[in-house]
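Undergrad: Take a look at the following structure, please.
The values are calculated or read from the model by the stated rules, or taken from the named source; none is laboratory data. Just so it is clear, the model here is predicted, and its values are computed rather than measured. Note: ideal-geometry Cβ built from the backbone for every residue, glycine included; neighbour counts use all protein chains shown.
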Amino acid sequence: MKLKGTQILFKVLEQEKVDTIFGYPGGAVLDIYDELYKTRLRHILVRHEQGAVHAADGYARASGQVGVCLVTSGPGATNTVTGIATANMDSIPMVVFTGQVSTALIGNDAFQECDITGITRPCTKHNFLVRNIEDLTETIRKAFWIARSGRPGPVLVDLPKNVMAAETEFNPEPPKRRKMDVAYEPVPETYEEILRMIQEAERPVLMIGGGIILGGASSELTAFARKLRLPVTGTLMGLGAFPGTDPLWLGMVGMHGTYYANMAVCNTDLLIIIGARCDDRVTSKIDCFASGAKIIHVDVDESSIEKNVAVDLALVSDAKRALGHMNRMIEDRHFEINTRKREDWLNRITDWKHQEPLMYEQDDRIIKPQYVIEKLYELTKGEAIITTEVGQNQMWAAQFYHFDRPHTFISSGGLGTMGYGLPAAIGAQCALPDKLVVDIAGDGSIQMNIQEMATAVQYNLPVKVVLLNNGFLGMVRQWQELFYEKRYSQTDMTYQPDFVKLAEAYGWVGLRTDSPAEVADMLKQGMNTPRPVLMDFRVDREEGVYPMVRPGAGISEMTLFPRKKCV
Amino acid sequence: MERKEHIISLLVKNAPDVLARIAGALGGKGYNIESLCVNATADYNVSKIVLTTRGNLATLNRIEKLLNKLIDVIQVDVVNPDRFVEKELTLAKIKIAEEFRSKIAVDIDSYKWKVVWLNGDYLILEVTADKDEMDQILQHLSELGMVEYTRTGTIVIER
């Protein structure tokens with residue numbers, strides 16, 4: 001069967017079970033958009049290409065499927081770069097199709113030409129420029145396979161206009177592919193060794209990351225930790241991988257981790273890291289990170305192991321297989337842990353928890369941002385899909401909303417991309433139309449992709465924005481307060497739009513309060529409105545995120561919440 | 001910290017941007033490629049790359065893992081010098097000065113260097129040697145009137 005390149009693209013998307021793509025048309029992709037017009041594929045027209053990539057990313061994180069984007073050449077393509085780098089740092093499976101000028105013009109500085117494969121080489125898992133129509137089918141299939149396999153990531157496919165207009169024989173049979181990580185079949189002795197080390201440990205801690213969620217290993221992890229009575233902490237990306245309301249859960253580790261999680265990691269004698277890459281926001285000063293402990297690291301990406309933290313035992317495996325295998329081993333034999341010692345350790349952690357819980361000081365005159373999130377958690381019973389922007393809003397969301405299930409906390413962890421939350425919420429709502437999707441935002445971040453408010457209205461996506469509006473770039477301000485003697489250089493954002501009027505102008509519902517007494521009612525009203533709603537909470541301007549590990553310090557040296565009186 | 005030289009041999013897809021990916025993967029993390037040799041293998045779709053870099057063992061480990069992650073890299077071998085033959089090739093241009101004429105002639109003969117081009121004033125030598133040997137030879141030739149040379153990266157083959 002002879003098909004044009006444009007037809008092949010949509011045939012393969014159908015075979016890959018893509019039901020939604022996010023995009024923005026332009027000159028180089030006119031033919032593709034004309035073909036799209038004839039298909040039944042859902043296309044979400046964003047208002048900026050960066051929004052398309054973040055939306056596809058949010059779609060991927062909420063659904064576990066590959067997110068797909070389609071944009072034009074030149075500026076359309078360069079606008080995707082931040083979104084691609086965001087997905088790359090957080091290992092999100094995504095395929096980005098970019099238009100390109102005709103092959104004869106490539107290299108001629110043609111109108112809207114840019115070397116997007118060159119630009120995105122360091123921030124994609126892989127990318128392709130399709131030079132011949134004969135390679136098109138196979139390349140698109142391979143892009144999806146690469147995006148999903150092993151440690152997932154974004155793949156960019158650059159599609160020259162003439163290649164897409166050409167015709168070729170289409171082979172509808174996709175080739176059989178092996179899984180990319182089959183090469184790493186761990187030896188059974190490694191599992192034995194891990195279990196033996198856990199058995200011998202007196203103060204073990206499990207530290208989990210986004211790899212558990214990406215690898216679909218949450219139920220295996222939960223069973224594993226509960227069977228072995230292991231306290232569990234997680235990185236930002238790991239939130240939701242283990243039930244946040246389980247007594248074994250310690251909350252987040254790292255720079256803004258809980259006191260008890262950081263103390264547990266500092267005092268452990270066996271740290272088991274699964275699906276986390278141990279970046280500097282987690283470890284802080286590396287010499288002080290689990291310094292007395294043996295360390296086991298399980299990760300699907302070999303290059304994540306021993307990159308930052310030296311380990312005693314490494315296992316290259318996806319989390320689901322490794323944990324599933326060990327769970328079966330534990331069941332098959334009489335596996336005993338030293339219960340008394342383990343309970344002593346868990347009690348010690350509980351003492352830390354009581355000594356220094358996550359806290360803030362309620363105030364009856366001014367809204368505390370943490371209070372808004374606490375109320376949001378109560379009101380939604382923890383069942384909302386939460387996206388965040390980046391900064392204080394993100395850390396308070398991570399601390400004060402408790403995530404019981406994977407794929408419910410959607411946030412730019414590695415790259416820390418401001419402007420991520422709103423388009424990601426739009427993408428998540430596309431994937432899960434019946435769920436409540438809430439973007440916990442700051443007034444700085446929200447303005448970075450605010451144009452996507454139009455997208456939400458156009459497609460009837462009833463996303464909610466909980467805006468913690470402090471008129472500051474809050475996290476940078478906090479650093480200036482603590483480390484730059486309150487010289488608030490360029491972080492005061494008091495000049496801002498009237499967010500309620502702005503919401504209304506876009507066709508949203510806009511709500512505002514500056515009174516703590518109105519917080520719960522306004523949240524209730526917002527959540528019960530079946531339309532997109534922006535809730536502008538005027539919060540304490542100089543509230544800080546605590547605990548905080550100062551840059552360069554070890555994670556046990558935390559600056560704790562500056563208590564005046566306890567709640 | 002020990003910063004030893006390491007040789008890495010790669011089999012890669014023979015395609016336009018593969019070298020850029022390798023250079024980018026290493027350069028982006030701050031690792032320098034000190035020497036490099038690339039050519040197609042008997043299978044034209046596959047190229048062999050031999051590169052050398054400097055660093056401690058942890059660095060070498062990281063580089064190996066980074067290279068293994070690249071989709072277009074088929075195989076990565078860290079070369080154990082005990083099991084491989086290692087050579088470099090140099091073309092050296094020498095201005096024939098009267099006082100060195102006889103010395104050069106003797107050296108060419110005893111070291112079995114090949115004269116690949118010659119006129120009354122200059123000659124070009126083809127020299128193969130391993131890296132350390134080559135350093136010494138080039139030092140020696142510079143004292144005999146060498147004006148210019150082109151030196152390849154290291155190439156290796158398993159014994």
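Undergrad: Scan the range A:150-160 and give yes if some residue there is away from chain B (no Cβ under 11 Å), over 30 Å from A:Gly215 (Cβ atoms), at pLDDT 95 or above and touching a strand residue (DSSP E or B) at 6+ places or on another chain (Cβ under 8 Å), otherwise no.
TA: Yes, the range A:150-160 has at least one match.
Undergrad: Within the range B:80-107, which residues are within 25 Å of the chain's Cα centre (by Cα) and over 29 Å from B:Val38 (Cα atoms)?
TA: Listed by number, the residues that qualify are B:Lys95, B:Ile104, B:Asp107.
Undergrad: Within the range A:392-402, how many residues are closer than 20 Å to A:Asp57 by Cα and in contact with a Pro (Cβ under 8 Å, 6 or more places away or on another chain)?
TA: 1
Undergrad: Could you list, in sequence order, all residues of the range A:259-303 that are among the polar types (S, T, N, Q), touching a strand residue (DSSP E or B) at 6+ places or on another chain (Cβ under 9 Å) and outside any helix (DSSP H, G or I)?
TA: A:Thr268, A:Ser284 - these are the residues of the range A:259-303 that are among the polar types (S, T, N, Q), touching a strand residue (DSSP E or B) at 6+ places or on another chain (Cβ under 9 Å) and outside any helix (DSSP H, G or I).
Undergrad: Right, another one. What is the residue count in the range A:485-507 for residues that are surrounded by 13 or more Cβ atoms within 10 Å (Cβ to Cβ) and touching a helix residue (DSSP H, G or I) at 6+ places or on another chain (Cβ under 8 Å)?
TA: Within the range A:485-507, residues that are surrounded by 13 or more Cβ atoms within 10 Å (Cβ to Cβ) and touching a helix residue (DSSP H, G or I) at 6+ places or on another chain (Cβ under 8 Å) number 9.
Undergrad: Only one of A:Gly510, A:Gly544 is part of a loop (DSSP other than H, G, I, E, B), of a type outside the set (Phe, Trp, Tyr), in contact with a helix residue (DSSP H, G or I) (Cβ under 8 Å, 6 or more places away or on another chain) and surrounded by 14 or more Cβ atoms within 10 Å (Cβ to Cβ). Can you tell me which?
TA: None of the others qualify; the one that does is A:Gly544.
Undergrad: If you don't mind, there's one more thing I want to ask. Identify, from the list A:Lys486, A:Lys501, A:Lys464, the residue that is of a type in the set (D, E, K, R) and on the phi > 0 side of the Ramachandran plot.
TA: A:Lys486
Undergrad: Then there is this: Look at the range A:102-135 and say how many of its residues are away from chain B (no Cβ under 14 Å) and either outside any helix (DSSP H, G or I) or in contact with a Ser or Thr (Cβ under 6 Å, 6 or more places away or on another chain) (or both).
TA: Number of matching residues: 10.
Undergrad: Considering every residue within the range A:257-270, establish whether at least one is closer than 30 Å to A:Glu356 by Cβ, free of Cβ contacts under 8 Å to residues at least 60 places away in the same chain and crowded, with 18+ Cβ neighbours inside 10 Å.
TA: Yes: the range A:257-270 contains one or more residues that are closer than 30 Å to A:Glu356 by Cβ, free of Cβ contacts under 8 Å to residues at least 60 places away in the same chain and crowded, with 18+ Cβ neighbours inside 10 Å.
Undergrad: Right, next: Among the residues in the range A:27-34, are any under 26 Å from A:Thr388 (Cβ atoms), in contact (Cβ under 8 Å) with a residue 40 or more places away in the chain and buried (at least 24 other Cβ atoms within 10 Å of the Cβ)?
TA: No, the range A:27-34 contains no residue that is under 26 Å from A:Thr388 (Cβ atoms), in contact (Cβ under 8 Å) with a residue 40 or more places away in the chain and buried (at least 24 other Cβ atoms within 10 Å of the Cβ).
Undergrad: Taking into account only those residues within the range B:7-23 that are of a type outside the set (A, V, I, L, M, F, W, C) and modelled with pLDDT of 95 or more, which is surrounded by the fewest Cβ atoms within 10 Å (Cβ to Cβ)?
TA: Of everything passing the filter in the range B:7-23, B:Lys13 is surrounded by the fewest Cβ atoms within 10 Å (Cβ to Cβ).
Undergrad: Here's another thing I want to ask about it. Please name all residue pairs, on different chains or six or more residues apart, with Cβ atoms under 6 Å, provided the first residue is in the range B:4-23 and is closer than 17 Å to B:Asp77 by Cα and the second residue is aliphatic (A, V, I, L, M) and assigned to a loop (DSSP other than H, G, I, E, B).
TA: Listed pairs, sorted by first residue: B:Ile7/B:Val79; B:Ser9/B:Val79.
Undergrad: So is A:Thr233 touching a Leu at 6+ places or on another chain (Cβ under 6 Å) and touching a residue at least 12 places away in the same chain (Cβ under 8 Å) or not?
TA: Here the answer is yes, as A:Thr233 does meet what is asked.
Undergrad: Let me ask something else about it. Search the range A:479-497 for residues being assigned to a helix (DSSP H, G or I) and aromatic (Phe, Trp, Tyr), and hand back the single one that is nearest to A:Gln447 (Cα to Cα).
TA: The qualifying residue nearest to A:Gln447 (Cα to Cα) is A:Trp479.
Undergrad: Let me ask something else about it. Condition test on A:Leu422, is it out of contact with any Leu (no Cβ under 8 Å at 6 or more places or on another chain) and crowded, with 24+ Cβ neighbours inside 10 Å?
TA: yes
Undergrad: From the residues in the range B:41-64 that are more than 14 Å from chain A (Cβ to nearest Cβ) and among the polar types (S, T, N, Q), which one is surrounded by the fewest Cβ atoms within 10 Å (Cβ to Cβ)?
TA: B:Thr41
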